[in-house]
Amino acid sequence: MSESLILPVLPLDDAVVLPGMVVPLDLSDSEVRAAIDAAQASGLNKPQVLLVPRIDGRYGAVGVQAVVEQVGRLPGGEPAAVVRGVTRVRVGTGTTGPGAALWVEVSTVDVIAAGERAQELAKEYKALATTILQKRGAWQVVDQVNQIDDPSVLADSSGYTPWLTTAQKVELLEAADPADRLARLIEWSREHLAELDVAETIRKDVQEGMDKQQREFLLRQQLAAVRKELKELNGDTAGTEEEDYRARVEAADLPGKVREAALKEVDKLERTSDQSPETGWIRTWLDTVLDIPWNERTEDTYDITGAREVLDADHTGLSDVKDRIIEHLAVRKRRQDKGLGVVGGRRSGAVLALAGPPGVGKTSLGESVARSMGRKFVRVALGGVRDEAEIRGHRRTYVGALPGRIVRAIREAGSMNPVVLLDEVDKVGADYRGDPTAALLEVLDPAQNHTFRDHYLEVELDLSDVLFLATANVLEAIPGPLLDRMEIVTLDGYTEDEKVAIARDHLLPRQLDLAGLTAEEVAVKEDALRRLAAEYTREAGVRSLERSIARILRKVTANGELPVTVGADELVGYLGRPRFVPESSLPEATQRTSVPGVATGLAVTGAGGDVLYVEASLADPETGETGLTLTGQLGEVMKESAKIALSYLRSHGAELELPVTALKDRSVHVHFPAGAVPKDGPSAGVTLTTALASLLSGRLVRGDVAMTGEISLTGRVLPIGGVKQKLLAAHRAGITTVLIPARNEPDLDDVPQEVRDELTIHPVSDVREVLDIALAPAQVATTVAA
Ligand SMILES: Nc1ncnc2c1ncn2[C@@H]1O[C@H](COP(=O)(O)OP(=O)(O)OP(=O)(O)O)[C@@H](O)[C@H]1O
């Protein structure tokens, strides 16, 4: 409740004291003296005065009731009084009282409690004030400001700041609501910060010898400011550009809240001087907002059969992948038709993720999906993103702030319902700049993404109509919570026949087109494509294959003689000798395993399936060491596999007729070549055991055999993952016999028939079986050794 009382007036010329401030006043000033004397004469034990700002001789409508804390002399001997502001009061009519002072009636202004908004604003203001104080070198004050918890007190503490104008402080005095005061302070602080930044840059640049140019810049800026000032004095209101923004915002069909925010920025733009760097920031922000396709939406044109036709036209094979995509689209469409919201209750399966090695068509399938639905397509590359701001944008208080990639993608798409491909989700990582995963989760969550907030944009963006797809090379590397939201579809790589078909139907026609050639001018025969796939490239996908075709066409163009037919035998002329040994000569595995202690394994890496070799050797007995040394960048799980293999052989060597004593007295060294590539996983267990057994027995490992499987301490072979990718890799490498865990037998159904036909596959359940098949008979070893 407001109460009224009578106080002697103490006018402050061009100065403002806010509640809570303690200030010394010069008692030699007659008005000050009169007010203090009058207060003391009133007989109260704490004499009180009214501090009112007086600007150009006129009193303000609001003042501060203050207590006189002390009257005395300053160290220099001048008489002074110390007063402390207490509460805001509204100045009423003049009246009479003791002494020479002017007395007025005042009524206290009701205190408005600080709400949640004020708390929020207080946080923001603290951050800004801290930055400013640090820039100004006022380190001692930083802590004091940060320790103030009450938003109202915090706002009023700004009465001490030298960079606010008297008019601004009057505004603070007159605003009863703390949230209101803080909001103004934030705006002014930003402006001040911008000025400080410019001043700082200029100062630095001048110091760095760019003297003349910068001074000219500074002078021009000042000139512009003076001109503007003059114009305003003459009542001239220019600012065509600002008006332009207003017209653009008004003409644009923006959602209500966005329009409101945009108009507010236009207001600010009109109030800010051209010279302030903030005008640039505001313009950039307005441009961004105006560029977002708020109401643009493409009409979905798909029916399920039509969609399937588009997918089939763009990609050869992949029929189960296409089935899964079509199912996903069908569910989506049904829910949409029924008005159920896009993915509603289905927690997983919200986002379709295409996983597989490079060059198998993940990105291009995403494009195809967009085409089949009649939607726009944008790709967001996430590889190497470690900063949350990359996804969600920088706050506008940052110099050079930008919106995040999601906002940029929508802007680029030009519609609110594009297909957005989040490429390489397995390559996002977290570091000190925050975790992009959290932001991505929010983007993908149907419960949250209709009100997605970019830090830069600061207005809500509805992402609920976007169809998100993701791609990844390695499933294990996708952050767990993201993986949880995804429905995984794996693409494992192609067989030689599939590659030939893809090359014939898609890669060759496209490369011809790019080279400006026709199929009549250049014919590449099927046997040439087959040799390209088999001998010039070794990959799960078709990327190098496409590149080789492009190289051939470039050579053809350079030679200039058309038409040309390229058969298998002409390849050497265009591309040189093949890089991968043809099947007829020794496969690499045979060469590698020509000494005891080397075995061929199968692994899945980021680039698809691959063959890898394990080399074991015994250290010199002289050294007396009996440990196990592992090299080749192995992960923990793989190191454990090696220990298990060694333990198994130590305890079972005798029954396997292996000279295990050697293991007891000598140290073993196991190496995985290609040491630069980190390797991990349990599936090298059987390979490790075989390499060690070969070393101990002196029996070679068969060169046509490759294997995969985890082992237990008792020698059982346990199941592993990635059977299809591993078998495709073995086939590519010219291996003919493959050992897999018996419990993985059902996975063979996924392996293309032509690959199965060419491999002898042994499902095994015990290490003994592995050694029986993989180790060559002892006499072979003797011949080689001889
Ligand atoms: N089954 C297929 N049919 C037709 N073209 C294909 C097929 N698979 C891949 N391609 C073509 O191979 C090229 C490489 O594919 P794409 O770039 O989509 O691979 P990716 O799996 O996304 O690789 P990365 O993970 O490296 O991005 C593209 O030009 C694509 O059109």
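Can R386 be described as away from the ligand (no atom under 15 Å from the Cβ) and modelled with pLDDT under 90?
Details: away from the ligand (no atom under 15 Å from the Cβ): yes; modelled with pLDDT under 90: yes.
Yes, satisfied.
If I ask for residues that are part of a helix (DSSP H, G or I) and either under 20 Å from R190 (Cα atoms) or acidic (D, E) (or both), which ones from segment 289-308 would you list? Steps first, answer last, please.
Initial filter on segment 289-308 (part of a helix (DSSP H, G or I)): 289-291, 304-308.
Matches in segment 289-308: D291 only.
Would you call V378 among the β-branched types (V, I, T), within 14 Å of the ligand (Cβ to nearest atom), modelled with pLDDT of 90 or more and not in a helix (DSSP H, G or I)?
no
Of all residues in segment 537-550, which are farther than 12 Å from E496 by Cα and in contact with a helix residue (DSSP H, G or I) (Cβ under 6 Å, 6 or more places away or on another chain)? Steps first, please.
In the first step, residues of segment 537-550 are kept if they are farther than 12 Å from E496 by Cα; the result is 543-544, 546-550.
Listed by number, the residues that qualify are E546, S548, I549, A550.
Checking the conditions here, which among A167, A129, A118, A138 is surrounded by fewer than 15 Cβ atoms within 10 Å (Cβ to Cβ) and among the hydrophobic types (A, V, I, L, M, F, W, C)?
Going through A167, A129, A118, A138 in turn, the sole match is A167.
Anything in segment 41-82 that is at pLDDT below 85 and within 19 Å of W103 (Cα to Cα)? List them, or say none.
If the condition is that a residue be at pLDDT below 85 and within 19 Å of W103 (Cα to Cα), then A41, S42, G43, L44, N45, K46, G57 are the ones that fit.
Of the conditions (1) at pLDDT 90 or above; (2) within 15 Å of the ligand (Cβ to nearest atom), V522 satisfies every one except a single condition; which number is it?
(2)
Give the residues of segment 265-317 that are away from the ligand (no atom under 16 Å from the Cβ), of a type in the set (D, E, K, R) and more than 32 Å from the chain's Cα centre (by Cα), sorted by residue number. Steps first, please.
Going residue by residue through segment 265-317, those that are away from the ligand (no atom under 16 Å from the Cβ) are 265-307.
Filter once more, keeping what is of a type in the set (D, E, K, R): 265, 267-268, 270-271, 274, 278, 283, 287, 291, 296-297, 299-300, 303.
Those that are away from the ligand (no atom under 16 Å from the Cβ), of a type in the set (D, E, K, R) and more than 32 Å from the chain's Cα centre (by Cα): D267, E270, R271, D274, D303.
Can you name the condition, by its number, that G99 falls short on among (1) at positive phi; (2) under 49 Å from the mean Cα position of the chain (by Cα); (3) not hydrophobic (A, V, I, L, M, F, W, C)?
With respect to (1) at positive phi; (2) under 49 Å from the mean Cα position of the chain (by Cα); (3) not hydrophobic (A, V, I, L, M, F, W, C), G99 is out only on (2).
At least 3 residues that are farther than 30 Å from V351 by Cβ and in contact (Cβ under 8 Å) with a residue 24 or more places away in the chain in each: list the strands (runs of 3 or more DSSP E) lying fully within segment 464-532 that qualify. Talk me through it step by step, then tell me what you get.
On the way: elements: 467-472, 486-490, 522-524.
Of the strands (runs of 3 or more DSSP E) lying wholly inside segment 464-532, those with at least 3 residues that are farther than 30 Å from V351 by Cβ and in contact (Cβ under 8 Å) with a residue 24 or more places away in the chain span 522-524.
Determine which single condition I488 fails, assuming it passes every other condition in (1) at pLDDT 90 or above; (2) under 25 Å from R332 (Cα atoms).
For I488, the exception is condition (1).
So is L12 surrounded by 14 or more Cβ atoms within 10 Å (Cβ to Cβ) and under 16 Å from D156 (Cβ atoms) or not? I'd like the intermediate steps shown before the answer.
Values: surrounded by 14 or more Cβ atoms within 10 Å (Cβ to Cβ): yes; under 16 Å from D156 (Cβ atoms): yes.
Yes; evaluated as a whole, the condition is true for this residue.
Specify the residue that is nearest to the ligand (Cβ to nearest atom); the eligible residues are those in segment 552-567 that are surrounded by fewer than 17 Cβ atoms within 10 Å (Cβ to Cβ) and assigned to a helix (DSSP H, G or I).
Here the answer is R554.
Counting just the residues of segment 413-430 that are under 26 Å from P358 (Cα atoms) and surrounded by fewer than 18 Cβ atoms within 10 Å (Cβ to Cβ), which one comes out nearest to the ligand (Cβ to nearest atom)?
First, pick out the residues of segment 413-430 that are under 26 Å from P358 (Cα atoms): 413, 418-430.
Keeping just the survivors that are surrounded by fewer than 18 Cβ atoms within 10 Å (Cβ to Cβ) gives 429-430.
On the way: G429: 17, A430: 22 Å.
Among residues in segment 413-430 that are under 26 Å from P358 (Cα atoms) and surrounded by fewer than 18 Cβ atoms within 10 Å (Cβ to Cβ), the one nearest to the ligand (Cβ to nearest atom) is G429.
In contact (Cβ under 8 Å) with a residue 24 or more places away in the chain, under 16 Å from A401 (Cβ atoms) and assigned to a loop (DSSP other than H, G, I, E, B) - does that describe any residue in segment 277-284? Reasoning before the result, please.
Initial filter on segment 277-284 (in contact (Cβ under 8 Å) with a residue 24 or more places away in the chain): 277-278, 281, 283.
Those left that are additionally under 16 Å from A401 (Cβ atoms): 277-278, 281, 283.
Narrowing the set further to residues that are assigned to a loop (DSSP other than H, G, I, E, B) leaves 277.
Looking through segment 277-284, at least one residue is in contact (Cβ under 8 Å) with a residue 24 or more places away in the chain, under 16 Å from A401 (Cβ atoms) and assigned to a loop (DSSP other than H, G, I, E, B).
Would you kindly identify the strands (runs of 3 or more DSSP E) lying entirely within segment 3-66 that contain at least 2 residues that are over 27 Å from P151 (Cβ atoms), over 54 Å from the mean Cα position of the chain (by Cα) and touching a residue at least 60 places away in the same chain (Cβ under 8 Å)? Before the answer, list the steps.
Details: elements: 4-13, 22-26, 48-55.
Ranges flagged: 4-13.
Examine segment 354-369 for a residue that is more than 16 Å from the ligand (Cβ to nearest atom) and modelled with pLDDT of 85 or more, and state whether such a residue exists. Please lay out each step first, then the result.
Initial filter on segment 354-369 (more than 16 Å from the ligand (Cβ to nearest atom)): none.
The answer is no; no qualifying residue exists.
Checking F452 against (1) at pLDDT below 90; (2) crowded, with 17+ Cβ neighbours inside 10 Å, only one condition comes out false. Which one?
(1)
For segment 93-111, which positions are among the charged types (D, E, K, R) and in contact with a Gly (Cβ under 9 Å, 6 or more places away or on another chain)? Please lay out each step first, then the result.
First, the residues of segment 93-111 that are among the charged types (D, E, K, R): 105, 110.
Within segment 93-111, just E105 meets the criteria.
Here is a check on your reading of the model: is V474 of a type outside the set (F, W, Y), within 16 Å of the ligand (Cβ to nearest atom) and at pLDDT below 90? Write out each step before concluding.
Details: of a type outside the set (F, W, Y): yes; within 16 Å of the ligand (Cβ to nearest atom): yes; at pLDDT below 90: yes.
It is true that V474 is of a type outside the set (F, W, Y), within 16 Å of the ligand (Cβ to nearest atom) and at pLDDT below 90.
Only one of (1) in a helix (DSSP H, G or I); (2) of a type in the set (A, V, I, L, M); (3) within 16 Å of the ligand (Cβ to nearest atom) is not met by A540, so which one is it?
The number of the failed condition is (1).
Cβ-Cβ below 6 Å, separation at least six or inter-chain, first residue in segment 291-316 and within 21 Å of Y494 (Cα to Cα), second of a type in the set (A, V, I, L, M): which pairs?
Listed by first residue and then by second, the contacts come to R308/I326; T316/A501; T316/I502.
Looking at D156, D197, which is the one that is charged (D, E, K, R) and within 25 Å of D56 (Cβ to Cβ)? Spell out how you get there, then give the answer.
Numbers: D197 fails: within 25 Å of D56 (Cβ to Cβ).
From the options D156, D197, the qualifying one is D156.
The values are calculated or read from the model by the stated rules, or taken from the named source; none is laboratory data. Every value quoted in this text rests on a predicted model; they were computed, and no experiment measured them. Heads up, the Cβs are rebuilt from the backbone with ideal geometry, glycines too, and the neighbour counts pull from every protein chain shown.
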